[in-house]
Amino acid sequence: MEHFVTFRSTELDVVVHSVYREICNNARDSALMFVSTRENNNPFHFHQVVEHSNKAILNLLGLYAEYDKRKEEYPFLKIDTLIKQAEEFFAIEIY
């Protein structure tokens, strides 16, 4: 006997949104680390983090139907944007 586990539309939206936020937060943290130690690090590793994050987002969006408009709410990450946000963060004087 088979058991099917299904989500209601609102439950799926909550799960997708929270997972997407976690992916973005992890990429942002990686960008902060990359910018703060840029002189000693290889940029290839940060690019790999963003690439794998975008692949995870693509897999996550596979939960929605092919022509679902909700997919537009979850843009892919851009390396330049993440680096710019990290540089702006470090430019803020905390003290």
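The values are calculated or read from the model by the stated rules, or taken from the named source; none is laboratory data. Computed from a predicted structure; not experimentally measured. Note that each Cβ is placed from the backbone with ideal geometry, even for glycine, and that neighbours are counted across all protein chains shown.
Collect the residues in the range 1-25 that are over 19 Å from residue 63 (Cβ atoms) and either modelled with pLDDT of 95 or more or crowded, with 16+ Cβ neighbours inside 10 Å (or both), keeping them in residue-number order.
Within the range 1-25, just 25 meets the criteria.
Going by what's in this entry, would residue 90 be described as more than 22 Å from residue 19 (Cβ to Cβ) and either surrounded by 13 or more Cβ atoms within 10 Å (Cβ to Cβ) or among the aromatic types (Phe, Trp, Tyr) (or both)?
Details: more than 22 Å from residue 19 (Cβ to Cβ): yes; either surrounded by 13 or more Cβ atoms within 10 Å (Cβ to Cβ) or among the aromatic types (Phe, Trp, Tyr) (or both): yes.
So residue 90 passes the test.
Scan the range 17-50 for residues that are farther than 16 Å from residue 86 by Cβ and either part of a helix (DSSP H, G or I) or among the charged types (D, E, K, R) (or both) and jot them down. Full working, then the answer.
Within the range 17-50, the subset farther than 16 Å from residue 86 by Cβ is 17-23, 42, 44, 48.
Correct list: 17, 18, 19, 20, 21, 22, 23, 44, 48.
Report whether or not residue 53 is hydroxyl-bearing (Ser, Thr, Tyr), part of a helix (DSSP H, G or I) and surrounded by fewer than 11 Cβ atoms within 10 Å (Cβ to Cβ). Spell out how you get there, then give the answer.
Working: hydroxyl-bearing (Ser, Thr, Tyr): yes; part of a helix (DSSP H, G or I): yes; surrounded by fewer than 11 Cβ atoms within 10 Å (Cβ to Cβ): no.
Considered against the rule, which asks whether it is hydroxyl-bearing (Ser, Thr, Tyr), part of a helix (DSSP H, G or I) and surrounded by fewer than 11 Cβ atoms within 10 Å (Cβ to Cβ), residue 53 comes out as no.
In the range 5-46, which residues are closer than 15 Å to residue 77 by Cα and acidic (Asp, Glu)?
Hits for the range 5-46 are 22, 29.
Which of the numbered conditions does residue 70 fail, given that it passes all the others? Conditions: (1) over 19 Å from residue 13 (Cα atoms); (2) in a helix (DSSP H, G or I); (3) modelled with pLDDT under 90.
Of everything listed in (1) over 19 Å from residue 13 (Cα atoms); (2) in a helix (DSSP H, G or I); (3) modelled with pLDDT under 90, residue 70 misses just condition (1).
Out of the residues in the range 73-95 meeting the condition of being assigned to a helix (DSSP H, G or I) and aromatic (Phe, Trp, Tyr), tell me which one is nearest to the chain's Cα centre (by Cα). Steps first, answer last, please.
First pass over the range 73-95, keeping only residues assigned to a helix (DSSP H, G or I): 73, 79-91.
Next, from what is left, pick out any that are aromatic (Phe, Trp, Tyr): 89-90.
On the way: 89: 18, 90: 20 Å.
That would be 89.
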